[in-house]
1. Pairs, please: C-beta under 7 Å, at least 6 apart or cross-chain, first residue within 22 Å of Arg11 (Cβ to Cβ) and in segment 24-42, second open to solvent by less than 80 Å² (accessible area, probe 1.4 Å) and aliphatic (A, V, I, L, M)?
2. Mind telling me which of the residues Arg144, Arg105 ends up being at pLDDT 85 or above, within 32 Å of the chain's Cα centre (by Cα) and among the charged types (D, E, K, R)?
3. Under the condition of being modelled with pLDDT of 70 or more and aliphatic (A, V, I, L, M), which residue from segment 57-71 is surrounded by the most Cβ atoms within 10 Å (Cβ to Cβ)?
4. Scanning for something part of a helix (DSSP H, G or I), of a type in the set (A, V, I, L, M, F, W, C) and modelled with pLDDT under 85, does segment 43-56 turn up at least one residue?
5. Pairs only if they're at least six apart or on different chains, beta carbon under 8 angstrom, first in segment 72-98 and of a type outside the set (Val, Ile, Thr) and open to solvent by 50 Å² or more (accessible area, probe 1.4 Å), second modelled with pLDDT of 70 or more and part of a loop (DSSP other than H, G, I, E, B); list them, first residue then second.
6. Looking at segment 105-128, I want the residues that are under 18 Å from Val140 (Cα atoms) and have a partner that is open to solvent by 70 Å² or more (accessible area, probe 1.4 Å) with Cβ atoms under 8 Å, at least 6 apart or on another chain. Which pairs are those?
7. Give the residue, chosen from Thr135, Thr122, that is modelled with pLDDT of 85 or more and more than 30 Å from Lys14 (Cβ to Cβ).
8. Can you tell me which residue within segment 115-135, out of those that are loosely packed, with under 13 Cβ neighbours inside 10 Å and among the hydrophobic types (A, V, I, L, M, F, W, C), is nearest to Arg99 (Cα to Cα)?
Amino acid sequence: MIRPTGGWRGRAAKGSVVAAAGYAAAVWLDMEPQPLPYVVWSVVVLTTAYLVIDTVDVPTAEWQQGPPPADRVDEASSDLRVLSSHVQSDQPSDALAHRLVGLARTRDPDLGDTLGRELAVTRRLSPADIDRILTRIEDVRDRR
């Protein structure tokens, strides 16, 4: 958060003095200033001026580069095909289990072996089972 260089009370006092001097000058020059519109105008102009003054010495913002994007365009659509065919088919194949085990092995070889043993029998995985397995894989990644 940007802290003003002076206290807000000091700024309000300085602004009031400048506004009063401007009002006195307008009366002295026979400009017939309206008190209420002049006060509103002074508040707007002084607030804008103080905001500009506060942002002058702030360093410029810089974008931080994230990790390089993984080239998974074909892989993601292939994963989606495997997942949807697993859910829709009468006799599920072991393709989804192989994908999950492969993903687990890239994160942690021991977890991949454990999942390989758990998913050795070809069966339909429920969405809850898939979610549980993916959560285990993500937990390994988050611990690192």
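1. Ser42/Ala19
2. Working: Arg144 fails: at pLDDT 85 or above.
Of Arg144, Arg105, the one residue that is at pLDDT 85 or above, within 32 Å of the chain's Cα centre (by Cα) and among the charged types (D, E, K, R) is Arg105.
3. The qualifying residue surrounded by the most Cβ atoms within 10 Å (Cβ to Cβ) is Val58.
4. There is no residue in segment 43-56 that is part of a helix (DSSP H, G or I), of a type in the set (A, V, I, L, M, F, W, C) and modelled with pLDDT under 85.
5. Once the first residue is of a type outside the set (Val, Ile, Thr) and open to solvent by 50 Å² or more (accessible area, probe 1.4 Å) and sits in segment 72-98, its partners that are modelled with pLDDT of 70 or more and part of a loop (DSSP other than H, G, I, E, B) give Ser85/Ser93; Asp94/Leu119.
6. Arg107/Arg141; Leu111/Arg105; Gly112/Arg105; Gly112/Thr106; Asp113/Arg105
7. Working: Thr122 fails: modelled with pLDDT of 85 or more.
After applying the criteria, what remains is Thr135.
8. Ala120
The values are calculated or read from the model by the stated rules, or taken from the named source; none is laboratory data. Computed from a predicted structure; not experimentally measured. Positions of Cβ are backbone-derived with ideal geometry, glycine not excepted, and every protein chain shown enters the neighbour counts. Note: areas computed on protein heavy atoms with side chains; ligands, DNA, RNA excluded. Shrake-Rupley method; radii C 1.70, N 1.55, O 1.52, S 1.80 Å.
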